[in-house]
Amino acid sequence: MIIRSYLIPIAIFFTNMILLSILMLEIVGALSHKQGGLGFFVPFLSFLSFHFIRGQQRRRTTVSRGLSTLQAINTITFVIPFAIFLAFIIGMI
């Protein structure tokens, strides 16, 4: 049960990191492929991870530090693509 409760959020976390790194590489200009838009799927995956972790923590009697840490990291990965999008919007104005 413990492995299953950590496996899905960690898999989503690594997927978020890969997509976010592709987005950052395209912003910097180091990536010639036009795949940076996939980085904007990160908030949706973060929300999915939020939902799963919240369900796991409701089943437990004590709050796991590992799952709470993943919640904090998901918060950061949830905010970064929106901040990048707003920075581009402001830059265009």
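The values are calculated or read from the model by the stated rules, or taken from the named source; none is laboratory data. No experiment lies behind these values; they were computed from the predicted model shown. Counting neighbours? That spans all protein chains shown, and the Cβs are built from the backbone with ideal geometry, glycine included.
Residues of the stretch 42-93 that are among the hydroxyl-bearing types (Ser, Thr, Tyr) and part of a loop (DSSP other than H, G, I, E, B): THR61, THR62, SER64. Hey, among the residues in the stretch 24-40 that are at pLDDT below 70 and over 21 Å from ASN74 (Cα atoms), which one's nearest to the chain's Cα centre (by Cα)? The selected residue is GLN35.
Working carefully through the options SER21, SER5, SER49, SER64, find the one that is over 16 Å from ILE84 (Cα atoms) and at pLDDT 80 or above. Result of the check over SER21, SER5, SER49, SER64: SER49. Restricted to the stretch 67-87, and to residues there that are surrounded by 11 or more Cβ atoms within 10 Å (Cβ to Cβ) and more than 13 Å from the chain's Cα centre (by Cα), the residue that is modelled with the highest pLDDT is ALA87.
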